[in-house]
Amino acid sequence: MSLSSRLPGPAVPEGTRDVLPPEWAQREHLRGRLAAEFAAWGYRGVDVPALEFADPRHPQDARAFKLIDVGGEVLALRGEFTTAIGRLVRSHFAGGPFPLRLQYGGRLWLRALTSELGRLREFAQVGVELIGVATPQADAELLALGQRALEVVGVPAVLEVGYPGFVDAVLEDAGLAPAAREALHGAIDRKSGADVDLLAARHGLEAGVTRTLHQLTDLYGGPEVLAQAGGLARGERARAAVAHLEAVAALAGEDLLFDLGASRRYGYYTGLTFRAYAPGLSQPLLGGGRYDLGGLPGAGFAVGLERLTEVAARGLPPEPEVVLALDRAGAEHARSLGLTAELAWTEDRAELLAYCRARGIRRWAQGQTLRDGEGAA
Amino acid sequence: MTPASARGPEHLTLALPKGRILTEGAALLARAGLPLALPGPSRALRHEFPGLTVLELRNQDVPVYVDLGVADFGIVGKDVLVESGRAVFEPVDLRFAACRLSYIREVGASGPVYQVATKYPRSARAYLAAQGIPAEVVKLSGNIELAALTGLADAVVDLVQTGGTLRANGLEERDVLFHSSARLVVNRAALKLRRGRLRPLIERLRELVAEGQQENGPFGQADRRD
């Protein structure tokens, strides 16, 4: 009895998938276009291992696939790139020169995601990191590069900027203890006025503070949001965040959206965060932000290739026509014309014709001539 | 389904659960200015209005459709939303369909709790963990009270509206996990990309809810107890 007949069930683990033509070609095309654009901006490529030492401080530790090494050490499959790039920079570029511009690409694995529309457990990303500088110019460069990268693959996108630390700073200025802040972050991030009221009652917050919290849940939209945020910023941290965002917005010079109530992972991000949305797609195509890369300021973004392929496939140039070559000379001639040539594997014309019908191949090449396959047979 | 790209950029897709929320929610949204009429008696699951598509779904599916962006927004009970664990925006408490999720035992029961039956395993687990009760959660689909009465479970976590069913069955509420009511939920990208239509709608719904609250006295419907 063969293994497969003894073990009925799905052929691949949930959340993983085979990639078939033409998706493979579309994805590789997009990967190439993005890498070329990143390179043109000075981002040099690096690769990091897919196997890492498991570390409870890793931001994706709780969701990582774990393996046991021969020596008993626990290894983790790479669940995001930023942490690995940080390690690489500390090992190989500790002395700079900064700013250091790096790009990466590859597969990632996360255990805890359920498989559903656009959310796989094995997925591919490409991305960039701009390391060692934390100026508004650096943030604006990443926003511009993100926008441009999607533009070159034919996807018009709108960028939305957040600043998770701003919410925390406003909560701190309101005199809230860390425990109350933690709970309120979730409610504000969900824009849930009802949950804000509930928590305000539980923690005995004054009406004025509660009003500020409600304003945070409504702090999204165009550039006008920055002026509203300025009105809420009392302390130094909050004011610095707004001033930084104003400087970035002035440099960006394009129509940015803002959501200053977004506060997910506020302990991880040390500055702004951003996402790119494409019309007609209710999932972000690109996401990034600014974080602490083990003592160095870092910022970057990653693009999910599966989702991008879904959106960008329609705008890609068509693949070259495939022809059947009856001899080597015919194949070379066809290829020199920019066509794709498959070599005939038999003299049996009926078999070749049946194959061409099944594959949708219309023309045959022989020597210097290209003919209609049905006639040639 | 018509692909999203085939529609105008301001087209909205609305997810509503069958039943009471569909009726009351559709009426409220119509008052807020959305061009929708109550679906008459038909077997259609999708209803088209100018610039708006309405999807009729099972309760539990509303957060899924909205989170994945198949629907831009929807209405769903907070109980279902909490249980879904989905990261959607919930900008308006619509204050109808009020109920509470409660921890319930037989009247006078005082033995240890080893099994807790519920339709809400996520909420039940979180509650038991917070209370330090090391009980096993048993997921059931309906008439949860029976689990306590038949001895299948030592306690249950279930929705309570008036408490009448509990009293009639010799059960009592020991604790309230949280109060629930209908919420407007919005997809994270849609709120930004279609804010030209969604933001005014949110404002209008807040006004309508506030007016309704005044008509229902200082505490509104959501705070009424039995």
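The values are calculated or read from the model by the stated rules, or taken from the named source; none is laboratory data. Being a predicted model, the structure only gives us computed values, none of them experimental. Here the Cβ positions follow ideal geometry from the backbone for every residue, glycine too, while neighbour counts run over all protein chains shown. For the accessible areas, the whole protein counts, side chains as well, though only heavy atoms, and no ligand, DNA or RNA atoms are used. Shrake-Rupley method; radii C 1.70, N 1.55, O 1.52, S 1.80 Å.
HN-Hα J couplings of the range A:205-219 from phi, Karplus 6.51/-1.76/1.60, θ = phi - 60°, integer Hz, Gly and Pro as x?
7, 5, 4, x, 5, 4, 4, 4, 4, 5, 4, 4, 6, 9, 8
So for chain A, taking the charge dipole from beta-carbon charges (+1 Lys/Arg, -1 Asp/Glu), which of A:10, A:286, A:240 sits furthest toward the positive end?
Projecting each Cα onto the dipole axis, the largest value belongs to A:10.
According to the square roots a ≥ b ≥ c of the eigenvalues of the Cα gyration tensor, what is the shape class of the range A:338-377, taking rounded for a/c under 1.5, prolate for a/b larger than b/c otherwise, and oblate for the remainder?
Values: a/c = 1.45, a/b = 1.31, b/c = 1.10.
Rounded shape, in that the Cα axes give a/c under 1.5.
Could you run the numbers on buried accessible area between B and A, total for both chains, 1.4 angstrom probe, in Å² to the nearest 100? Each step should come with its number before you reach the end.
On the way: alone 11570 and 19210 Å², together 28560 Å².
For chain B against chain A, roughly 2200 Å² becomes buried.
Normalising by the residue count of the range A:203-345, find the relative contact order in percent from Cα pairs under 8 Å and 6+ residues apart. Don't skip to the end; give the middle numbers.
Values: 145 pairs, mean separation 19.1, N = 143.
It comes to 13 percent, rounded to a whole number.
Over all distinct alpha-carbon pairs, what is the Kirkwood Rh of the range A:194-258 in angstrom?
Working: mean 1/r = 0.0762 Å⁻¹.
Final number for the Kirkwood radius of the range A:194-258 is 13.1 Å.
Once amide H atoms are placed 1.01 Å from N in the peptide plane, what residues at a sequence separation of 5 or more from residue A:270, or on another chain, have their amide H within under 5 Å of its amide H?
A:290, A:291, A:292
About the Cα centre of the range A:254-377, how large is the charge dipole given +1 on each Lys and Arg Cβ and -1 on each Asp and Glu Cβ? Please answer in debye to the nearest 20.
Here the range A:254-377 has a charge dipole of around 280 debye.
Between the helical axis of A:82-92 and the dominant principal axis of chain A, each derived from Cα atoms, what acute angle in degrees is found, rounded to the nearest 10?
With both axes taken from Cα atoms, the answer is about 90 degrees.
Place +1 on the Cβ of every Lys and Arg and -1 on the Cβ of every Asp and Glu in the protein assembly as shown, take the dipole about the Cα centre, and give the residue among A:138, A:330, A:214 whose Cα lies farthest towards its positive end.
Toward the positive end, the furthest listed residue is A:330.
Give me the angle, in degrees from 0 to 90, between the Cα long axis of helix B:121-131 and the longest principal axis of the Cα atoms of chain B, rounded to the nearest 10.
The helix B:121-131 is inclined about 50 degrees to chain B.
Would you work out which of B:184, B:44, B:147 lies farthest towards the positive end of the dipole of chain B, given +1 charges on the beta-carbon of Lys and Arg and -1 on that of Asp and Glu, about the Cα centre?
The residue sitting most towards the positive pole is B:44.
With a ≥ b ≥ c taken as the square roots of the eigenvalues of the C-alpha gyration tensor of the range A:213-329, please select rounded if a/c is under 1.5 and otherwise prolate if a/b is larger than b/c or oblate if it is not? The partial results should precede the final answer.
Numbers: a/c = 3.28, a/b = 2.41, b/c = 1.36.
Cα axes put the range A:213-329 in the prolate bin.
Per residue of the protein assembly as shown, what 222 nm ellipticity follows from adding -39500 (n - 2.57) for every DSSP H run with n ≥ 4, rounded to the nearest 500? Provide the component values of the computation, followed by the final result.
Values: 22 runs with 225 residues, N = 603.
Result for the protein assembly as shown: -11000 deg cm²/dmol, rounded to the nearest 500.
Could you work out the mean count of beta carbons from other protein chains within 10 Å of each residue's beta carbon in A:272-281? Intermediate results must be reported in sequence, preceding the final value.
On the way: counts 0, 0, 0, 3, 0, 5, 3, 6, 9, 5.
Counting other chains' Cβ atoms within 10 Å and averaging over A:272-281 gives 3.
Magnitude of the Cβ-charge dipole of chain A, K/R +1 and D/E -1, about the Cα centre, nearest 20 debye?
On the way: 40 positive and 47 negative charges, 78 e Å.
With Lys and Arg at +1 and Asp and Glu at -1, about 380 debye.
Residue by residue through the range A:188-200, what is 3J(HN,Hα) from phi via Karplus (6.51 cos²θ - 1.76 cosθ + 1.60, θ = phi - 60°)? Round to whole Hz and write x for glycine and proline.
Once θ is set to phi - 60°, the couplings for the range A:188-200 become 5, 4, 7, 6, 9, x, 5, 5, 4, 4, 4, 5, 4 Hz.
Tell me the angle of helix B:195-215 to the major Cα principal axis of chain B, expressed in degrees between 0 and 90 and rounded to the nearest ten.
That works out to roughly 50 degrees.
Please report the antiparallel percentage of the DSSP beta bridges confined to the protein assembly as shown, to the nearest 5. Show your work: numbers first, answer last.
On the way: 72 of 97 bridges.
That works out to approximately 75 percent antiparallel.
Per residue of B:122-129, how many C-beta atoms from partner chains lie within 10 Å of its own C-beta, taken as a mean?
Going residue by residue through B:122-129 and averaging, the value is 0.
Below 8 Å between Cα atoms, with a sequence gap of 6+, how large is the relative contact order for chain B in percent? Don't skip to the end; give the middle numbers.
Working: 404 pairs, mean separation 58.1, N = 226.
For chain B, the relative contact order is 26 percent.
Rounded to a whole number, what is D in µm²/s for the protein assembly as shown from Stokes-Einstein with the Kirkwood radius over alpha-carbon pairs (25 °C, 0.890 mPa s)?
Working: Rh = 27.8 Å.
Here the translational diffusion coefficient equals 88 µm²/s.
Across bins of 10 angstrom width beginning at 0, how are the C-alpha pair distances of the range A:84-158 distributed, in whole percent?
Taking every Cα pair in the range A:84-158, the percentages come to 15, 34, 36, 15, 1.
Return the sequence-ordered ³J(HN,Hα) values of the range B:61-73 in whole Hz as given by the Karplus equation 6.51 cos²θ - 1.76 cosθ + 1.60 applied to θ = phi - 60°, using x for Gly and Pro.
Each residue of the range B:61-73 in turn: 8, 4, x, 5, 4, 6, 4, 7, x, 5, 10, 7, 8 Hz.
Explain nothing, just the number: dipole magnitude of the range A:247-296 about its Cα centre with +1 on each Lys and Arg Cβ and -1 on each Asp and Glu Cβ, in debye rounded to the nearest 20. Write down the numbers at each step before the final one.
Numbers: 4 positive and 4 negative charges, 42 e Å.
The dipole of the range A:247-296 has a size of about 200 debye.
Which number do you get for Rg(Cα) / (2.2 N^0.38 Å) in the range B:40-155?
Numbers: Rg = 17.9 Å, N = 116, 2.2 N^0.38 = 13.4 Å.
My calculation over the Cα atoms of the range B:40-155 gives 1.33.
Please state the Cα pair-distance histogram of the range A:42-125 with 5 angstrom bins from zero: what percent is in each bin?
In whole percents, the pair-distance histogram is 3, 13, 22, 21, 18, 12, 7, 3, 0.
Here is the link list: A:191/B:119; B:18/B:139; A:191/B:192. Which ones come out longer than 19 Å on Cα distance? Could you put the intermediate results ahead of the total?
On the way: A:191/B:119 26 Å; B:18/B:139 22 Å; A:191/B:192 13 Å.
The answer is A:191/B:119; B:18/B:139.
With a ≥ b ≥ c taken as the square roots of the eigenvalues of the C-alpha gyration tensor of the range A:1-95, please select rounded if a/c is under 1.5 and otherwise prolate if a/b is larger than b/c or oblate if it is not? Could you put the intermediate results ahead of the total?
On the way: a/c = 2.97, a/b = 1.22, b/c = 2.44.
Judged from the Cα gyration tensor, the range A:1-95 comes out oblate (a/c at least 1.5, b/c at or above a/b).
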